[in-house]
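Please read the structure below before turning to the comments.
The values are calculated or read from the model by the stated rules, or taken from the named source; none is laboratory data. Given the structure is predicted, the values throughout are model-derived calculations rather than measurements. Backbone-built Cβ (ideal geometry, glycine too); neighbour counts: all protein chains shown. Heavy atoms of the whole protein, side chains included, go into the accessibility calculation; ligands, DNA and RNA do not. Shrake-Rupley method; radii C 1.70, N 1.55, O 1.52, S 1.80 Å.
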Amino acid sequence: MIWFINLLRKIPGWEKGTAALRRLQELSLTQKLFLVYSVFAIYFLLYHEAHLPLFWMIGLALVGYIASGFLFWGIVVAFRKLETKVELPAIFAEVGIARPTTKFVPWIEASFFLIPVLICFLTGFFENRSGILFLAVYAVLVLLIRLIENKVYYKIGLLGFLILAAGLSSFKALQLTEVWVAYIQFKPTFEEKDLTNWGFDESTRSLSNPDLKLSVHLPEDFYFHNPKDLGLESKTGVGQIAGIISTSETDWSRYPSIRIFYYPQRFEDDTQLVNDFKKFLDSLLERGDIQEVNELERESFEDRYYGKFWTFYDVLRPRYAKTGIFILSKHKEPYTLVFLISESLIKGRRHEESVEKILSSVKIEE
């Protein structure tokens with residue numbers, strides 16, 4: 001046996017490997033857990049961002065790992081502060097009276113409940129009623145365990161709160177970074193102009209922009225979102241965002257929605273714009289926002305619009321839908337307007353009736 005061990009020692013790097021193994025064994029339980037967690041976290045993050053170029057893939061994975069690592073150690077520190085020692089009078093020990101030697105710190109206990117609730121609210125977890133119901137029932141169960149003074153299960157319950165909050169926070173950080181990366185990838189290469197000068201006549205429900213010489217009629221229950229009020233995700237598409245028409249005053253993405261994009265040049269051929277939109281659609285597919293994408297034939301509308309559309313299954317709003325672009329032609333202005341349409345898929349119709357009405361009402365002053 002000794003000869004076999006001596007033979008192993010002759011393998012290049014054997015001594016360094018065994019030294020590294022000893023150092024791993026000397027780590028605390030928390031450090032070992034973090035090491036295992038890191039391996040799985042890095043693998044998952046790299047796999048999740050594999051659809052991006054290598055630079056962005058590594059960058060996003062690093063952002064997600066830093067955020068989740070920070071939260072991991074935050075939970076560890078919080079748990080270490082959850083209890084404090086209690087100084088018992090010596091008489092208790094002398095007469096054999098048992099008393100707890102630690103007690104919970106009230107303000108830290110309260111933060112274990114309040115901080116996860118705040119994070120759930122900020123990350124949109126409460127936008128679904130089932131999320132509110134789940135957290136309310138879970139909180140009641142944890143409080144009941146606290147009342148019966150079962151420390152082990154109570155700590156496990158609090159840990160569940162923190163894991164939920166940490167998961168939502170790290171996911172939100174990764175999601176926001178993904179939105180920023182997508183915006184950078186599809187950001188217009190030309191110098192953008194101010195397209196926020198929109199006016200709305202309530203009596204006629206006429207929307208107009210003098211800089212674009214554009215006017216459009218909004219049907220009832222439709223709202224306009226000015227570019228100055230939009231975030232990066234809503235600005236991502238083909239060209240510079242000029243505004244969004246949707247059926248919600250607060251949610252620009254509710255179906256049907258029409259995003260208006262601007263190009264400072266005329267396109268005699270829509271190939272470039274269609275290819276740009278395909279890349280945008282591919283990014284949504286690879287992110288997992290949509291599934292079952294099917295390409296449709298090129299189509300035109302009223303001999304004024306031409307473009308390309310796709311059907312897909314919307315994972316975020318579970319339904320089959322349709323999306324694509326229409327390019328407004330037959331006007332004399334030296335720019336191109338692209339209408340990015342997202343709508344429900346309706347059997348027997350190419351587009352929703354309201355979408356067709358809006359497109360028909362678009363006018364550009366000659």
Ser215 buried (at least 17 other Cβ atoms within 10 Å of the Cβ) and outside the structural domain of Glu353 (by the TED database) | no
Tally of residues being surrounded by fewer than 14 Cβ atoms within 10 Å (Cβ to Cβ), within 23 Å of the chain's Cα centre (by Cα) and polar (S, T, N, Q) across segment 259-299 | 1
Looking at (1) open to solvent by less than 10 Å² (accessible area, probe 1.4 Å); (2) touching a residue at least 60 places away in the same chain (Cβ under 8 Å); (3) within 22 Å of Leu285 (Cβ to Cβ), which is the one condition that is false for Ser342?
-> (1)
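Kindly evaluate Arg350 against the criterion of being within 28 Å of the chain's Cα centre (by Cα), surrounded by fewer than 16 Cβ atoms within 10 Å (Cβ to Cβ) and touching a residue at least 12 places away in the same chain (Cβ under 8 Å).
The answer is no for Arg350.
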Select from segment 51-83 the residues that are surrounded by fewer than 16 Cβ atoms within 10 Å (Cβ to Cβ) and outside any helix (DSSP H, G or I) and write down the one among them that is modelled with the highest pLDDT.
-> Pro53
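One line per residue, one yes/no per condition, for (1) part of a strand (DSSP E or B); (2) at pLDDT below 80; (3) not assigned by the TED database to the domain that holds Leu60:
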residue	(1), (2), (3)
Ile245	yes, no, yes
Glu249	no, no, yes
Glu268	no, yes, yes
Leu273	no, no, yes
Leu281	no, no, yes
Ile327	yes, no, yes
Lys330	no, yes, yes
Phe339	yes, no, yes
Taking segment 95-114 and keeping only residues that are loosely packed, with under 10 Cβ neighbours inside 10 Å, modelled with pLDDT under 75 and at negative phi, one is left with Val95, Ala98, Arg99
Of all residues in segment 300-318, count the ones that are out of contact with any His (no Cβ under 9 Å at 6 or more places or on another chain) and either in contact (Cβ under 8 Å) with a residue 60 or more places away in the chain or open to solvent by less than 30 Å² (accessible area, probe 1.4 Å) (or both).
-> 8
Sole exception among (1) assigned by the TED database to the domain that holds Asp251; (2) touching a residue at least 60 places away in the same chain (Cβ under 8 Å) for Ser208, by number = (2)
Counting only residues that are at pLDDT 80 or above and open to solvent by less than 50 Å² (accessible area, probe 1.4 Å), how many does segment 121-150 have?
-> 4
Note: among Gln240, Gln185, just one is under 27 Å from Glu352 (Cα atoms), surrounded by 14 or more Cβ atoms within 10 Å (Cβ to Cβ) and touching a residue at least 24 places away in the same chain (Cβ under 8 Å), namely Gln240
Scan of segment 151-166 for residues that are surrounded by fewer than 16 Cβ atoms within 10 Å (Cβ to Cβ) and without any contact (Cβ under 8 Å) to a residue 60 or more places away in the chain, ordered by number | Lys151, Val152, Tyr153, Ile156, Gly160
Could you list, in sequence order, all residues of segment 299-325 that are closer than 28 Å to Glu127 by Cα and in a loop (DSSP other than H, G, I, E, B)?
-> Val315, Leu316, Arg317, Pro318
